[in-house]
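Computed from the coordinates by the stated procedures, all read-outs in this text should not be read as laboratory data. These numbers come from a predicted model, not from an experiment. We place every Cβ from the backbone using ideal geometry, glycine too, and count neighbours over all the protein chains shown.
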Amino acid sequence: MPRRLRQNISRVVDKRVTPPKRPASFARPGQDLYKNRMESSQAPFHAQHYLGDNKIHVLLAASGSVATIKLPNIAEALSRHSNISIRIIVTKSAAEFLKGQSHEQPLLESLLELPGVDAIYRDEDEWRHPWTRGEPILHIELRKWAHLLLIAPLSANTMAKMTMGISDNLLLSVLRAWDTTGMVDVGFKEKKPLVFVAPAMNTAMWKHPITEKQLAILKGEWGVNSSNTEGWVSVLHPIEKDLACGDTGVGGMMEWRSIVGKVEQYLGIGKDDEQ
């Protein structure tokens, strides 16, 4: 774990009345005073409030794969750039993988101590504030806000749902409402926002014929390439490695530093932009 992130985590724990034994995001109601204070103070999110902040808005998401444990590393690396603002989405399954590594992982809420991380969202945040006509809808506001969406990892389940247009959680709702033409959110951004996806799954899942069909959609129909100027998805291919399930083969998420490098290259930023 990066040294600076460990230091940030220590500061968060020191502020608590009683340091929790497990990540704040998984504590039962009433167990974590810091989490309760943070959530009760959240106001409805309006993308238009951030139009003039001169920041690159990165929406960072994790779905249900063990590679979710690399989320803190990616967030910390991107947060080093003073011109990047980050908002994080975790699915319920992704949260479970972080919970399983709680003895060696930073608290999810502690990522808010990183200078560029402005918010963390879960599925229930979509309905945290009772909806009334004219009020902001979270997945729509996040879409308007984001200049780029990075899903790392993209699980087999989320890949399947994404390609079928299913939108049964916050992340999938953002994807389903994505401005794929670049003509919907003209007032919010100068060009069509890109979606980076970093698949991560068991080798048998990766080699399954249905995965090939889903990749044909992501890379062929929706992909950014020389023959498709209308593309809006970039697939960051998995690598061969020893997998958490005990198998060895292709399916492991691209190394997290390489993922960060791809994003930095696309955004045109480098070491000189770090804080």
How far apart, in nm, are the 7 Å Cα→Cβ label points at S167 and I239? 3.5
Using a 10 Å cut-off around each Cβ, can you sort T203, T158, T229 from fewest to most neighbouring Cβ atoms? T229, T203, T158
Long-range amide H partners of L194 with built H, under 5 Å: L149
Relative to the present Cα-Cα distance, how much length would full extension add between T180 and K55 at 0.36 nm per residue of separation? 42.8 nm
Around T91, under 13 Å between beta carbons, what's the net of Lys plus Arg minus Asp minus Glu among the other residues? -2
Over segment 123-211, what is the relative contact order in percent, taking alpha-carbon pairs closer than 8 angstrom and at least six residues apart? 37
For segment 55-273, what is the percent of antiparallel DSSP beta bridges, rounded to the nearest 5? 15
Rg/Rh ratio calculated on Cα atoms of segment 55-273 (Kirkwood radius): 0.94
Footprinting exposure proxy for K99, K161, K213 (fewest neighbouring C-beta atoms within 10 Å first): K213, K99, K161
Among R143, R80, R133, rank each residue by its count of other Cβ atoms within 10 Å, from fewest to most, as a rough exposure measure. R133, R80, R143
Pairs K191/K213; K161/K189; K192/K262; K70/K191; K241/K262: which exceed 23 Å Cα-Cα? K191/K213; K161/K189; K70/K191
State, to one decimal in nm, how far the label point of K191 lies from the label point of S82, with both points 7 Å from Cα in the Cβ direction. 2.5
Going 7 Å from the Cα of Q48 in the Cα-to-Cβ direction, what parts of segment 185-217 have a backbone nitrogen less than 19 Å from that spot? 185-190
